[in-house]
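One structure is given here, and the rest of the page talks about it.
No value in this document is a laboratory result; all are computed from the given coordinates. Computed from a prediction, not measured in an experiment: that's the story for all the values here. Every residue, glycine as well, gets a Cβ built from its backbone with ideal geometry; the counts of neighbours run over all protein chains shown.
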Amino acid sequence: MQPTEVQIQPVGVLRDPHINFAYLDERTKRMIRRAILKAVAIPGYQVPFGSREMPLPYGWGTGGIQVTASVIGPQDVLKVIDQGSDDTVNAVNIRRFFQRTTGVQVSTDTLAASIIQTRHRIPETPLREGQIVVYQVPVPEPMQHLEPREFETRKLHALQEYGLMHVNLFEDLAHYGHIATTYDYPVLVNGRYIMSPSPIPKFDNPKMHMNPALQLFGAGREKRIYAVPPYTPVESLGFEDHPFEVQRWDHACELCGSRESFLDEVLMDDQGGRMFACSDSDYCGKRQAASLAASSDSGHGVASV
Amino acid sequence: MKHMDALSPLMQVRHLSCAYGTRTVVRDISFDLWPGEVLAIVGESGSGKSTLLNAVAARHTPLSGQVAFALKDTELQDIYAMTEAQRRMLSRTDWGFVHQNAADGLRMNVSAGANVAERLMALGQRHYGALRAQATDWLQRVEISPSRIDDRPDTFSGGMRQRLQIARNLITQPRLVFMDEPTSGLDVSVQARLLDMLRMLTRQMGLAAIIVTHDLAVARLLAQRMLVMQGGMAVETGLTDQVLDDPQHPYTQLLVSSVLQP
């Protein structure tokens, strides 16, 4: 694809005409797309791919960036989040990278975006058909901690020998009396493959189940791509007498009042003052705006929290 | 148990040869193992005992020959003709493998309870309370205090590790256990206790076992039958007492006369 014109983005990042669309060369994108197709065909299976060196260090989301670069087109609207927020360093840099290399429209609005690249969260706003969520994955192999040999873990996947996963959960119960794994909580995809959901909190695990959006996972250093196609069952592991549970908070978000969202605990001062607020900044901001509008309509003028 | 079990062997090994590259280390060995029988393979270091054990336990593909095992309620089946999935299933349900070095057979970084219960979880048991109860029961059967259930094996003594490894293997009620020098590396009193326990468990469970050892006393104590190896060949086989009291082959005579008497 030839870059034709320089578009000016609202935030003032120029499309660099000297770089191929979405940075990667076309052959590489094709190779990655083939891996993605295979991953979609076998939900939860880790497909090896020839991961490229990216102009960002490993651990900054090189896997996710390569996946996004391979699926993005000029008409797409991109949203990038890190820990639920659109304005953290990682999110800002990746967003600017794609603005410079593709010139696509960017947005912080979950519903407006056609591609959402994420690290550590799934947006609170329910996703819709046609959207793609791209996860950045540091460790794609869910059994790596207990079985470090990769030829062995591949065999365990192939033969569906997943006793090891429960050894992990058994350990949690033995030591803490409850399942203490709170993020990167293993899931069974489509009743077949055990998959690492990337380091999202287990709070987000139920959102993966039968999600209308396409979910793609890229691990750049480990050179693996895997996927959960739309409307695929995703089950979080557990024991019969200690089933999977998500985190709950005693607090509501102090900015928008939500009791349903994933909350961050924020330190406010040196006196130990702290505040609970939504980690999803887009969700929280929209709720604040809505309650502000509602209260000004009713004549009070001040948002009640 | 069906009556048939007493009439057909549990394992049948025919003309088994193993090689590492061009060097043949096991030559043309055949034997039958009957249900509930304990067979000792003895011989000096390098005689091919461990290779033979690995070959019959589906851990080392032989050069030629056959290893057949009678799965529950079926005829003898060639284990190397099975799919890998079947073979692995067999090794973690109907079989057990006790390593000389317990660290090879245990997960050193997870608790004793999880080590013992792992095979049950692999078989699909998903009730934590029930898994823990069975793990506790098995720890007691191998004389480990249930208060140690949440401790990691790297805090255990050598003898305890070996007993933990045995519990981990026996929890699925296997019918055949392979043991590679299970008592060497332990001091004599711990050895005696472990042997006592092994003898009791094999009797109680009607367990068949193949034990590789260089210690003739271990063979005498545990095994009904014995296979003496030298240079990769079986030079003598027979009932343990018969072989030890009236050795026929010069090598066996040498072996028996080499035992130190305290």
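Normalised by the residues of the range B:31-179, what does the relative contact order come to in percent, with Cα pairs under 8 Å and at least six apart?
Dividing the mean separation by the residue count of the range B:31-179 yields 28 percent.
Relative contact order, percent, of the range A:18-105 when contacts are C-alpha pairs under 8 Å separated by at least 6 residues?
That works out to 33 percent.
Add +1 for every Lys or Arg and -1 for every Asp or Glu among the other residues with Cβ under 14 Å from the Cβ of residue B:18, and state the total.
Combined, the nearby Lys, Arg, Asp and Glu give +4.
Over the Cα atoms, compute the radius of gyration (one decimal) and Dmax (the largest Cα-Cα distance, rounded to a whole number) for chain B, in Å.
Here Rg and the maximum Cα pair distance are 18.4, 57 Å.
Give me the net charge for the shell around residue A:212: Cβ to Cβ below 15 angstrom, other residues only, Lys and Arg +1, Asp and Glu -1.
+1
Could you give the distance between the Cα centres of the range A:262-298 and the range B:62-86, to the whole Å?
Centre-to-centre (Cα) distance: 65 Å.
Semi-axes of the range A:183-230's equivalent ellipsoid from the Cα gyration tensor, sqrt of 5 times each eigenvalue, largest first, rounded to whole Å?
Those come to 16, 13, 11 Å.
Mind checking the mean number of beta-carbon atoms from other chains within 10 Å of the Cβ atoms in B:111-118?
4
With everything on Cα atoms, drop me the angle between helix B:84-93 and the longest principal axis of chain B, reported from 0 to 90° to the nearest 10.
Taking Cα atoms only, the helix is inclined about 70 degrees.
Where both partners of a DSSP beta bridge lie in chain A, what percent of those bridges are antiparallel, to the nearest 5?
Just about 55 percent of them are antiparallel.
Calculate how steeply helix B:158-170 sits against the longest principal axis of the alpha-carbon atoms of chain B, using the helix alpha-carbon long axis, and give the answer as 0 to 90 degrees to the nearest 10.
Tilt relative to chain B: about 90 degrees.
R0 = 51 Å: FRET efficiency of residue B:15 with residue B:130, Cβ-based, nearest 0.05?
Approximately 0.70, to the nearest 0.05.
Run the helix sum for chain A: -39,500 (n - 2.57) per DSSP H stretch of 4+ residues, divided by residue count, reported at 222 nm to the nearest 500 deg cm²/dmol.
-8500 deg cm²/dmol
Bin by bin, in steps of 10 Å, what percent of the Cα pairs in chain A do you find, going until the bin that has the longest distance?
All Cα pairs considered, the percentages come to 6, 25, 32, 23, 11, 3, 0.
Roughly what % antiparallel, to the nearest 5, for the DSSP beta bridges in chain B?
Beta bridges within chain B, antiparallel portion: roughly 50 percent.
Using only the Cα atoms of the protein assembly as shown, build the gyration tensor, take square roots of its eigenvalues as a ≥ b ≥ c, and label the shape rounded, prolate or oblate: rounded if a/c is under 1.5, else prolate if a/b is larger than b/c, else oblate.
In terms of gyration-tensor shape, prolate.
So which GluC sites (Glu not before Pro) in the range B:55-153 pass both tests, a DSSP loop state and at most 12 other Cβ atoms within 10 Å of the Cβ?
When the GluC sites (Glu not before Pro) of the range B:55-153 are filtered for loop state and at most 12 Cβ neighbours within 10 Å, B:75 remain.
For the range B:3-102, run through the trypsin sites (Lys or Arg not before Pro) and keep only the ones in DSSP coil with at most 10 other Cβ atoms within 10 Å of their Cβ.
For trypsin sites (Lys or Arg not before Pro) across the range B:3-102 that sit outside H, G, I, E and B with at most 10 neighbouring Cβ atoms in 10 Å, the list reads B:72.
Output the relative contact order of chain A, whole-number percent, from Cα pairs under 8 angstrom with separation of 6+ residues.
Relative contact order here is 19 percent.
Can you pull the semi-axes for the range B:52-143, root of five times each eigenvalue of the Cα gyration tensor, sorted largest first, whole Å?
Semi-axes from the Cα gyration tensor: 29, 17, 11 Å.
Provide, as a two-decimal number, the C-alpha radius of gyration of the range A:115-225 over 2.2 N^0.38 Å, N being how many residues it has.
This ratio for the range A:115-225 stands at 1.10.
Please report the spacing between the Cα centers of the range B:146-163 and the range A:160-177 in Å, no decimals.
A separation of 18 Å, based on Cα centres.
So which of A:29/A:202; A:79/A:202; A:29/A:223 end up more than 25 Å apart by C-alpha?
A:29/A:202
Once you sort the root eigenvalues of the Cα gyration tensor of the range A:18-74 as a ≥ b ≥ c, which label holds: rounded (a/c under 1.5), prolate (a/b larger than b/c) or oblate (the other case)?
Note, shape of the range A:18-74 comes out oblate.
Considering only DSSP beta bridges whose two residues both sit in the protein assembly as shown, what percent are antiparallel, to the nearest 5?
Rounded to the nearest five, the antiparallel share is 55 percent.
Could you give the dipole magnitude of chain B about its Cα centre, charging the beta-carbon of Lys and Arg +1 and that of Asp and Glu -1, in debye to the nearest 20?
Computed about the Cα centre, the dipole is about 760 debye.
Taking a cut-off of 20 Å, what percent of all Cα-Cα pairs in the range B:97-219 are separated by more than that?
Value for the range B:97-219 (Cα pairs over 20 Å): 38 percent.
How big is the range B:1-155 on each of its three principal axes, counting only the C-alpha atoms and giving the largest first in Å?
48, 39, 27
Please compute the Kirkwood hydrodynamic radius of the range B:162-262 from all pairs of different C-alpha atoms, in Å with one decimal.
For the range B:162-262, the Kirkwood estimate is 14.6 Å.
Among all the lysines, which ones have a C-alpha under 18 Å from residue B:72's C-alpha, if same-chain residues fewer than 8 places away are not counted?
Residue B:72 reaches B:2.
Roughly how compact is the range B:199-247, stated as its Cα Rg over 2.2 N^0.38 Å to two decimals?
Compactness ratio reported: 1.19.
Is the shape of the range B:84-138 best called rounded, prolate or oblate, per the rule: a/c under 1.5 gives rounded, else a/b larger than b/c gives prolate, else oblate, with a ≥ b ≥ c the square roots of the Cα gyration tensor eigenvalues?
oblate
For residue B:197, what is the net charge nearby, where nearby means another residue's Cβ is under 13 Å from its Cβ and Lys, Arg count +1, Asp, Glu -1?
Once all neighbours under 13 Å are counted, the net charge is +3.
Within straight cross-link reach of residue B:49, meaning Cα distance under 24 Å, which lysines are found once same-chain residues fewer than 8 apart are removed?
none
Can you give me the C-alpha center-to-center distance between the range B:97-119 and the range B:171-192, rounded to a whole angstrom?
So the two Cα centres are separated by 13 Å.
When the helices in chain B are scored as -39500 (n - 2.57) per DSSP H run of 4 or longer and the sum is shared across all residues, what 222 nm value do you end up with, to the nearest 500 deg cm²/dmol?
-11500 deg cm²/dmol
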